Amino acid sequence: MFASVELAARIERAESRLSAALGQAVVARKTQPAAFVDEIGGGVAVYTGPSSPMNKIIGVGFAGLPADDQLQAIEEKFARSGAASRVEVSTLADPGFAARLTGRSYVLQGFENVLGRRITSDDADPRLDAAIEITAMKHDAARWLDVAITAFLCPEAQGVQAETLPPRELLERALRDFTDVPGFLRYSASIGGQLVGIASLRLDDGIAQLCGAATLPAFRRRGVQNAFLRRRLADAFHADCNLAVMTTQPGSKSQQNGDKHGFALLYSRAVLVKPPT
């Protein structure tokens, strides 16, 4: 699957709307007085609270570059909350944006890969393993979040390691507001009646965003992630989506699972960070 600049722009716009939806949910709840969602350079800047993994600037570089004073204003808003300015820049974005950031003392922290594949009629039947029960989880957000955090804090050793997550208490506080955001579908996986994994899906203008999935360490290597992938692809097909995307750490088990299901590397994002000053 060829990744053109136009395709990357379509995906990055959807990713910006995803981040904005999460940020707006926190702003609306007023649980974080400093939370904000600002449009910038065709993308979005989001702050949802201390130690939140959703604090970022994303989607910039496909609709003109922001002025320096716009960047300065956003950086100051992050800094007032003690947060670094974290920017995720697509390799297919205007190269001038990354150059602008390095000139403003941003440093490279790492990369993440954006994988994608077409959704076809072959995805209509998920053909799930009878031993793994995948269900849409509309209630019991606390259990969903507990499994998610437990799994995220025990990452796979394969591939390039992601940035170290904050302690459980801080991570739980940061993610609690995201468990029932409109537009997100939550899934659970059970083996023998025990909840062993979680996943989520967001549908946006024909794009199925596989937002995240995690399995408890004791139940890994049993096909749970593959089952999540097949079920979400089936649901996306029946919702008339034509493209599925997922974001992974380079060389990770998640990327390997995606490869088994036809996902190809479309492009990467460089993660550039400027500490608060």
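The values are calculated or read from the model by the stated rules, or taken from the named source; none is laboratory data. If you're wondering where the values come from, they're calculated on a predicted model, not measured in any experiment. All Cβ positions, glycine included, derive from the backbone under ideal geometry; neighbour counts span all protein chains shown. These accessible areas exclude ligands, DNA and RNA; they are computed on the full protein's heavy atoms, side chains included. Shrake-Rupley method; radii C 1.70, N 1.55, O 1.52, S 1.80 Å.
In square angstrom, what is the accessible area per residue of the chain with a 1.4 angstrom probe?
Counting only protein heavy atoms, the per-residue value for the chain is 46 Å².
With each label point set 7 Å from Cα along the Cα-Cβ vector, what nm distance links N242 and L170?
4.4 nm
Projecting each Cα onto the charge dipole of the chain (Lys/Arg +1, Asp/Glu -1 at the beta carbon, about the Cα centre), which of A214, L101, L65 comes out farthest on the positive side?
A214
Rank these residues by their accessible area, most exposed first, probe 1.4 Å: S52, S254, S121.
From most exposed to least exposed: S121, S254, S52.
Please find the FRET efficiency linking R104 to A136, where r is the Cβ-Cβ separation and R0 is fixed at 45 Å, and quote it to the nearest 0.05. Don't jump to the answer; show the numbers that get you there.
Working: r = 44 Å, r/R0 = 0.97.
Calculated value: 0.55.
Need the full-extension length gain, S4 to T150, defined as separation in residues times 0.36 nm minus the C-alpha distance. One decimal, nm.
Additional length available on full extension: 48.8 nm.
For a 21 Å ceiling on Cα separation, which of these pairs sit above it: K30/K77; K138/K253; K56/K260; K56/K77; K77/K274?
Where the Cα-Cα span goes over 21 Å, the pairs concerned are K138/K253; K56/K260.
Have a look at the chain and give its Rg and Dmax from the Cα atoms, expressed in angstrom.
Reported Rg and Dmax, both Å: 18.3, 57.
For the chain, what is the relative contact order in percent, using Cα pairs closer than 8 Å and at least 6 residues apart in sequence?
Working: 525 pairs, mean separation 75.7, N = 277.
Averaging sequence separation for qualifying contacts and normalising by length gives 27 percent for the chain.
A218 versus S81, label points 7 Å from Cα toward the beta carbon: distance in nm?
Label at A218, label at S81, 3.6 nm between them.
Rounded, prolate or oblate: which one fits the range 153-254, using the alpha carbon gyration tensor with axes a ≥ b ≥ c (rounded when a/c is under 1.5, else prolate when a/b beats b/c, else oblate)? Display every interim value, and only then the final one.
Values: a/c = 1.43, a/b = 1.31, b/c = 1.09.
Rounded is the answer for the range 153-254, as its axis ratio a/c remains below 1.5.
How much of the accessible area of the range 198-277, probe 1.4 Å, is carbon plus sulfur, in whole percent?
48 percent
Simple spin-label model, 7 Å along Cα-to-Cβ: T31 to D180 in nm?
Those two pseudo-labels are separated by 1.1 nm.
In whole angstrom, note down how far apart the Cα centers of the range 14-48 and the range 50-68 are.
Result: 11 Å between the Cα centres.
Using +1 on the beta carbon of Lys and Arg, -1 on that of Asp and Glu, and nothing else charged, what's the dipole of the range 133-277 about the Cα centre, debye to 20?
340 debye
Magnitude of the Cβ-charge dipole of the range 106-170, K/R +1 and D/E -1, about the Cα centre, nearest 20 debye?
Values: 6 positive and 11 negative charges, 25 e Å.
With only Lys, Arg, Asp and Glu charged at Cβ, the dipole is about 120 debye.
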